[in-house]
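Nothing in this text is a laboratory measurement; each read-out follows from the coordinates by a stated rule. This is a predicted model, so every value here is computed, not measured. A quick note on method: Cβ atoms are made from the backbone with ideal geometry, for glycine too, and the neighbour counts reach across all protein chains shown.
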Amino acid sequence: MINALPPIFIERLKKLIPKKDLGSCLDSFSFEKIISIRANTLRNSVQDVCSCLDEKGIKYSKVEWFKDALILNNV
């Protein structure tokens, strides 16, 4: 994955991240990330958000311990 990062970005990281942490920082770009969202229930219900995701073909799963949160599965 490090080869996919723009060289200018890597150079910027080298200036910001301590040398001892740079390797693990760069490695972190190789890991698959879990993407989660939270419905702003002041604006839309969780069901409205789920309907929108369904319309766009985005798969999701509900978070058991947080009723307004969803984990996006295929993005």
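Miscellaneous remarks
- Qualifying residue in region 30-41 (condition: surrounded by 10 or more Cβ atoms within 10 Å (Cβ to Cβ) and among the aromatic types (Phe, Trp, Tyr)): no
- A single member of 20, 67, 33 is out of contact with any Phe, Trp or Tyr (no Cβ under 8 Å at 6 or more places or on another chain) and either on the phi > 0 side of the Ramachandran plot or not in a loop (DSSP other than H, G, I, E, B) (or both), and it is 20.
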